[in-house]
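What follows is one structure encoded as structure tokens, with my remarks underneath.
Values in this text are rule-based calculations from the coordinates and carry no lab data. No experiment lies behind these values; they were computed from the predicted model shown. Here the Cβ positions follow ideal geometry from the backbone for every residue, glycine too, while neighbour counts run over all protein chains shown.
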Amino acid sequence: MGRAEQISGGEEILSVQGVSVRLSGREVLSEVSFAIHPGALTGLIGSNGAGKTTLFRVILGLQRASAGHVLLAGRPRSHRNPLIGYVPQKFLLDPDMPLRARDLVGLGIDAHRLGIPRPSRARRALVAEMLEAVGAVGFADRRVGRLSGGEQQRVLIAHALAGAPRLLLLDEPLANLDLRAGQEVVALLARIARERDVAVLISAHEMNPLLPVMDRIVYLAGGRAVSGTVEQVVRADVLSELYGSHVDVLRVHGRVLVVAGAGEEEERSGVGRHGHEGVFPAPEVVK
Amino acid sequence: MSAALSASIVARGFFSSEAVAVACGVGGVVAFVSACVGVFTVMRGQSFAGEALGDIGTTGGSAAFLAGVGPLWGIVAIDIVAAGVMELIGIQRPRGRDLATGIVLGAALGLAALLLHFDATYHNTTGVANTILFGSAFTIAARTIPEVALLGAAALAIVAALYRPLLLSSVSAEMAAARGIPVRLVGAAYLLALALAVALAAMTIGTILSTALLIGPAATALRLTRRPGRAIALAGALGVGAMWLGVLLAYDSFYWPPKEHGWPVSFFVVALIFAGYLLAGAIARVGPGARARPAALMRKEWE
């Protein structure tokens, strides 16, 4: 992990400092702190309900933190943040919506501006460059709503990149993709982070698809987080402390399995789910 | 029917009739505005709100008649108020949307029932209900032309100014909010444009039929093009075309049975819009846009 250490020497593009969020009396996030750097790909890993989406909403400025704060490029975040590109989790668009992939990418450049966009050579060229960067040239003129999940994901990434962000947030980009499309999207994001010097933060409930490309990991459980390199974080002692109960970390065929330890505690701590996923790995990986 | 119209029948001159000219002028402006605004109504899934605002116009129209003023301002006023109440109740949330619309619609139509009853009782006429509900393009007063042009321009100006933020928040409110677009404000401004467009359509082809002008050309255009700008331009053209052809057919229908009693313009306009929608569906299914075009062709177009 020499690369990650090398990167962590640079400026921080995002710094989350002691962020806590209470929603209707329940503490969803509790003193979450981490920082990410341009050029690095960071995985935000946690099971459903661990607080990943809430954390994204805080970073985007859509959710107020009850304590702590978020710095973007060293400054408090402003209302409109051209520094951040965002790809939402669920994207259900009517197949008949009159919007080509190219149009959606164009909106990524200037959707916040008033008035009708004037076609210009520069705008067209930028859209073409973004489509090229995500490998979406082949379906650029089809309706977005009729594209496959993987194709839509690429178009959404191009849309987010078009605003020239320094930080790209993707909420569960692999959730609705098959294994192959997921691998392609992960490889694409790793390339974007490196080539464009963008900090990429990807949330996922499963860390294994991200293991080959992840420079750093932020592991969320029960609203608390630990962060660092995979080696630093995905360890039995670190995760046991985070979960508040004993967990084992197993490495099988290049996959990492976080398995709840013995005892009745696992039900209560919510580790059981994770353990379950790990104990029965997907068949295509076992081969 | 107006004296001018009777005279024009005798003259048998479509182009020399003032009623026809007003119907085509006002109808054309109204159809264009409604259809353009309607593209976003369809995209945002707010067709029910559009329909409701049209129906609610009945309340304003009947109140205006009772007060002895032109129907337009009554319909505009009630629609703006109704849109404001819908917005406050929670039209911005998908789940609250139908509820907000339904509650406001029910309350307004209840009031309309009372007002139409008063209209019929005090003015001793039942024709007014028919005119408000189903419209009568040939009876539009020429003096309303500047008012219609002004309100239509206002609706179009809102949509043109908000074009990009509105388009993105119609695609995904979440993505728009993440970019710092004030999604709720944009939605409220659009609702105002919608209220204006629907009020104009309600005055022209009737409160109940106004939806046809709002949704029909827009839905047809969405079937025929995959570009947002083109969809709006095409919807506008289709709306104007249906309106003008409807006026022409209604004018001709004075010579159809029953003689000397022309069929309503609204019927022709709505029938044409519906036929156009079905035709567009057939074209979309078999036409060149039905399948993805070869990559080489797409690349050529893009350059």
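Electrostatic tally near A:GLY150: other residues with Cβ closer than 13 Å to its Cβ, Lys and Arg +1, Asp and Glu -1, net -1. What you get for region A:13-132, charging only the Cβ of Lys and Arg (+1) and of Asp and Glu (-1), is a dipole of about 340 debye around the Cα centre. Seen against the Cα atoms of chain A and their longest principal axis, helix A:149-162 is set at about 70 degrees.
On the basis of the beta-carbon distance and an R0 of 45 Å, B:ALA154 and B:ILE283 show a calculated FRET efficiency of 0.85. Neighbouring Cβ atoms from other chains, within 10 Å of the Cβ of residues in A:91-98, number 6 on average. With a Förster radius of 45 Å applied to the beta-carbon distance between A:LEU62 and A:HIS253, the computed FRET efficiency rounds to 0.70. By the combined test of axial Cα extent (at least 30 Å) and Kyte-Doolittle hydropathy (mean at least 0.0), the qualifying DSSP H helices of chain B come to B:18-43, B:47-67, B:94-122, B:183-205, B:228-252, B:265-286.
Ordering A:PHE139, A:ILE157, A:SER120 by Cα displacement along the dipole of region A:98-158 toward the positive end leaves A:SER120 in first place; charges were set at the Cβ atoms of Lys, Arg (+1) and Asp, Glu (-1). With 0.36 nm allotted per residue and the present C-alpha distance subtracted, the A:LEU92-A:HIS69 stretch has 5.1 nm of extension available. For the listed peptides B:200-209, B:106-115, B:241-250, a ranking on the average number of other beta carbons within 10 Å per residue, highest first, reads B:200-209, B:241-250, B:106-115. Along the axis of the charge dipole computed for chain B (Cβ charges of +1 for Lys and Arg, -1 for Asp and Glu, origin at the Cα centre), the listed residues B:LEU192, B:ALA112, B:ALA63 are led at the positive end by B:LEU192. Once the Cα atoms are used to define both axes, helix A:179-196 deviates from the longest principal axis of chain A by about 70 degrees.
In a reduced charge model with +1 at each Lys and Arg Cβ and -1 at each Asp and Glu Cβ, region A:105-216 shows a dipole moment near 540 debye about its Cα centre. Counting pairs of alpha carbon atoms under 8 Å apart in space and at least six apart in sequence, what relative contact order in percent does chain B give? Answer for chain B is 27 percent.
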